[in-house]
Every structure is written in structure tokens, then in C-alpha cells.
Amino acid sequence: MTTLTTEPLATLIERLYTQASAATSPVLDTVPGEERERLMRSKTEYLELYGMLKDLWLPVSRDTGKLLYMLARSTKASAIVEFGTSFGLSTLHLAAALRDNGGGVLIGSEFEPSKIALARRHFVEGGVDDLVEIREGDALVTLASDLPRAVDLLLLDGAKALYGDVLGLVEKHLRPGALVVADNTNYCPEYLTYVRSPQNGYLSVPFADDIEVSMRLE
């Protein structure tokens, strides 16, 4: 038995996935598909885009959530950084791993206040709020300082065009063997080029359709 598969977290996570699948965004529905694609790749208009997405949960898939738990457990992670908290589903999976690893800290970043407020309620309900610190604001600012000396796992699941920039902020803290998990990487080819280039210090492989798992080698 694990924290992830027992109460209160198991029922909470299932309920939140049900809520996530029912969420809609009337504002986003008015934006043409071509414009959405452009905004997804923009490094300057991401605040506008994610403002439109504030009603959507944007969670990792159930399988990806389990993968995150497994990776954090298998590496005995005690310090995790997450870019893009949203309503906290991925955070719950990672915090469950921290609990089962014996404790630690997860530092997340989210700029939408309404999402942060609800995510924090979920962390309390799931009994993992003591493990999670969510920083409000643009991750390029909130994750630029005061990170753990050695980070075991970095999850990238915020504005896709910023993956490389956020990695650049956290990279010096990644211990040898640390993992970087990036979701929706079909929107960030420059990031993939970087982590797949051996000279940059990573061993990187694609997983499923659009996930990249990279290990810091040095």
C-alpha cells in the first residue's frame, strides 16, 4: 500500500480527474485553432494564453501521474521542483512519492491566483500540504532563487515555450542522476534539441506521445 493508492489521496485524485474532464473554457472556445497553436509556441504571450486557460485544469494524464510517482519513488527524491501547478493533480502524485520516501519538499510555480487557492485546498484535503510550497507568479521570477541545493526531479508542465528557460534556472541545482520530466514536448522543439544533445549533460528519451524523460549526467 502507498500514499497514492490509499485514502484520502486515492479518492481525491479520482474525483479531481472527473472534475478536470468536465471543465470548459468559454473564452478559449472563441480563439481560432491556428491562433491557439501560435500562442502555445510564443515566449512573450504566454501570460495571455494561460489567462484564457484559467478555467481548464490542464492535468497530466492518469498514466503520467503514476509515472511521476514511480520516478520520484525510484530515485528516492526529497527535493522536487514543478513548473505549472494548475489545480495540483501532478503535485499530488509527486507529494505522495515524497511522503512515501520519508518526506521532503516540492516547490511549485503558478501565476493564476484562483488555481493556487484551489490547489492548496486539494493539498490539505490530500494530507500533503506540509510537503508543498507553491510560489505565485511568473516562474521565470519565482524559480530564479531560493531553490534546494540539490534537486532530485524537475517537472516541466507550464508554458511550453519556456521549458528551456525554466530548465536553465534549475539546472545548476540538479544533482547527478536527477530527472527532468517534460510534458507536451511537441510544442517545444528547441528544448528537445537541447536535452538530446549529449554535450549538454543529459541522457534523454521520449516516452509515450509527447513526454520527454531526461537524466542529468553531471
Using the alpha-carbon centroid of each, what span in Å lies between the range 48-118 and the range 138-178?
-> 13 Å
What is the sum of charges around Asn184, taking Lys and Arg as +1, Asp and Glu as -1, for the other residues whose C-beta is under 12 Å from the C-beta of Asn184?
-> -3
Packing-based ranking, highest mean first, of 144-150, 5-11, 175-181 given that Cβ atoms within 10 Å are counted = 175-181, 5-11, 144-150
Computed lengthening from Arg38 to Gln199, 0.36 nm per intervening residue step minus Cα-Cα distance | 54.9 nm
Surrounding net charge for Glu125, when Lys and Arg each add one and Asp and Glu each subtract one, Cβ distance under 14 Å | -1
Mean ellipticity per residue at 222 nm, deg cm²/dmol - from DSSP H runs of n ≥ 4 across the chain, formula -39500 (n - 2.57) | -12000 deg cm²/dmol
What is the packing order of peptides 100-108, 15-23, taking the mean over residues of other C-beta atoms within 10 Å and listing the highest first?
-> 100-108, 15-23
In whole Hz, what ³J(HN,Hα) sequence does the range 208-218 give by Karplus (6.51, -1.76, 1.60; θ = phi - 60°), x for Gly and Pro?
-> 6, 7, 8, 10, 10, 10, 10, 10, 6, 9, 8
Accessible area (Å², per residue) of the chain, counting only protein heavy atoms and a probe of 1.4 Å | 46 Å²
With a 1.4 angstrom probe the carbon and sulfur portion of accessible area for the chain, in percent, totals 55 percent
Extension gain (nm, one decimal) between Met1 and Asp146, 0.36 nm per residue minus Cα-Cα = 48.8 nm
Give the accessible area for Arg99 in Å² (nearest 10); use a 1.4 Å probe, count only protein heavy atoms, and leave out ligands, DNA and RNA.
-> 80 Å²
Across the alpha-carbon set of the chain, Rg over Rh with Rh taken as the Kirkwood radius works out to 0.94
In the chain, which helices (entire DSSP H runs) extend 15 Å or more along their own long axis, judged by Cα positions, while averaging at least -1.0 on the Kyte-Doolittle scale?
-> 9-22, 62-74, 89-100, 113-126
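The values are calculated or read from the model by the stated rules, or taken from the named source; none is laboratory data. Note that this is a predicted model, so its numbers are computed, not measured. Using ideal geometry, Cβ is built from the backbone for each residue, glycine included, and neighbour counts are taken over all protein chains shown. Note: accessible area is taken over every heavy atom of the protein model, side chains too, but ligands, DNA and RNA are not part of it. Shrake-Rupley method; radii C 1.70, N 1.55, O 1.52, S 1.80 Å.
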